[in-house]
Amino acid sequence: MEKEKGEKKVKYSVVIPLYNKGIHIADTLESVLAQTFQDFEVLVVDDGSTDDSLSRAESISSPKIQIFRQKNQGVSVARNVGIENAKGEYIAFLDADDMWHPEYLETIDRLVQKYPQSDIFVTAYEVLMGNGKKNISAQLTPEDGCLDSYWATLNHKYDFVWTSATTIRREALINAGMFKPGEMIGQDLDMWARVARKNPKVAYSSRLCVTYNRNAKENARSRVRIAWAGAFIQDLEEEMKKKTHTNEELSTIQQKYDLKMTVYIFTSIMAGEKKRAGQALKSWKGMKCRRNRILRTGLRVAYCMPTRLNQALYKARLKLF
């Protein structure tokens, strides 16, 4: 993945995987081109879209944009293609249905200059819930800083390191092994965890710079029946065994693991895969605490409830978070 000598360099490579996001991709690309900081390229990787995504992406004319086409192989492969073809020192990730505010890259660049000890750079973001409602990710004090531990960020309501608000040093992604093909959900969380194993620092800005279109069609929430984030769950199980973590880190790792297992088991129950759900309940790892005992008790109750009632409860939860 070495770059040829004489190739024009840019500081940031914006990688956008594209699959059936025709109604969003033009707005997404326009939000990138409108950045106040302009030292970047854009790599759109169409993952075999079956709608008009490709033609809509091609309709946005800019010398900064390159479009790659591949048969459908999944978002991990699409992101890897972008990273492999990138000329930038830093990879800025953006999903094809989200939008950057004009100052996103400028904010990231300030973090890169101020906190060179980090490989991970993030900003706060807003979450569009539908019906005019929106939530906001964690906004820490002071307004910017460099956290010592990615693992200590795992207890936030919304992921502190979240794809469309995250930029990572390209070399760090390569050294961590790139995105794992075949993972249906949680590919990004698995990637951040493997980067953090080598350098756990996270430079952040509490400035709200990104809009997450949570209810967009053809996202992981709509495509995946059972929320099995296998690679990331394995990462968490491995981290829980490490004696090098602080008690705070171990607690947040356990909390994140409990949450991912809860969603996996509950979606298995809703999909009618009760045997799979039962096996997962028995395999639950880590420390037993009041919180996960309550979660497991609730899941056992859900196991015995009618599927329709569970589905109604899950839909109500999605409206809130």
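Things to note:
- Viscosity 0.692 mPa s, 37 °C: Kirkwood-radius Stokes-Einstein D of the chain over Cα pairs, µm²/s: 160
- GNM flexibility winner over the chain from 61, 31, 149 (Cα, springs under 10 Å): 61
- Pairs beyond 31 Å (Cα-Cα), from 134/198; 133/256; 64/256; 201/288: 134/198; 64/256
- GNM top mover of 146, 209, 304 - the chain, alpha-carbon springs below 10 Å: 304
- Extension reserve of the residue 156-residue 291 stretch, reckoned as 0.36 nm per residue once the Cα distance is removed: 47.0 nm
- Among 257, 125, the order by Cβ neighbours within 10 angstrom, fewest to most, reads 257, 125.
- Within region 168-204: backbone nitrogen closer than 13 Å to the residue 146 label point (7 Å, Cα to C-beta): 199-204
- Tilt relative to the chain, helix 274-283 - C-alpha long axis, 0 to 90 degrees, to 10: 90
- Over region 225-320, the ratio between the Cα radius of gyration and 2.2 N^0.38 Å evaluates to 1.11.
- Just checking the listed ones, 276, 194, 290: in the Gaussian network model of the chain with Cα springs under 10 Å, the one fluctuating most is 290.
- With the simple model of a label 7 Å out from the Cα in the direction of the Cβ, residue 68 to residue 234 spans 2.4 nm.
- When you restrict to C-alpha pairs under 8 Å that are six or more residues apart and normalise by the size of region 37-126, the relative contact order lands at 29 percent.
- FRET efficiency for the pair residue 55 and residue 84, taken as 1/(1 + (r/R0)^6) with r the Cβ-Cβ distance and R0 = 30 Å, rounds to 0.75.
- Rounded to whole numbers, the Karplus 3J(HN,Hα) couplings from phi for region 119-132 are 9, 10, 10, 9, 10, 6, 8, 9, 10, 6, 9, x, 6, x Hz, using 6.51 cos²θ - 1.76 cosθ + 1.60 with θ = phi - 60°, and x at Gly and Pro.
- Annotation: amide H-H contacts under 5 Å for residue 134 (H modelled 1.01 Å from N, sequence separation of 5 or more, or interchain): 129.
- Multiplying the residue separation of residue 136 and residue 283 by 0.36 nm and subtracting their alpha-carbon distance yields 49.5 nm.
- Euclidean distance between Cα centres, region 242-270 to region 87-165, Å: 22
- Label-to-label distance, residue 113 versus residue 8, with points set 7 angstrom from Cα along the beta-carbon direction: 2.3 nm.
- The helix-only estimate of mean residue ellipticity at 222 nm for the chain, built from DSSP H runs of length n ≥ 4 each weighted as -39500 (n - 2.57), is -12500 deg cm²/dmol after division by the residue total.
- For residue 210, residues with placed amide H under 5 Å, excluding near neighbours: 101, 126
- Relative to the longest principal axis of the Cα atoms of the chain, the long axis of helix 247-270 makes an angle of roughly 80 degrees.
Read-outs: derived from the displayed coordinates by stated rules, not from any lab. The structure presented is a predicted model; accordingly, all values stated were derived computationally and were not measured. Every residue, glycine as well, gets a Cβ built from its backbone with ideal geometry; the counts of neighbours run over all protein chains shown.
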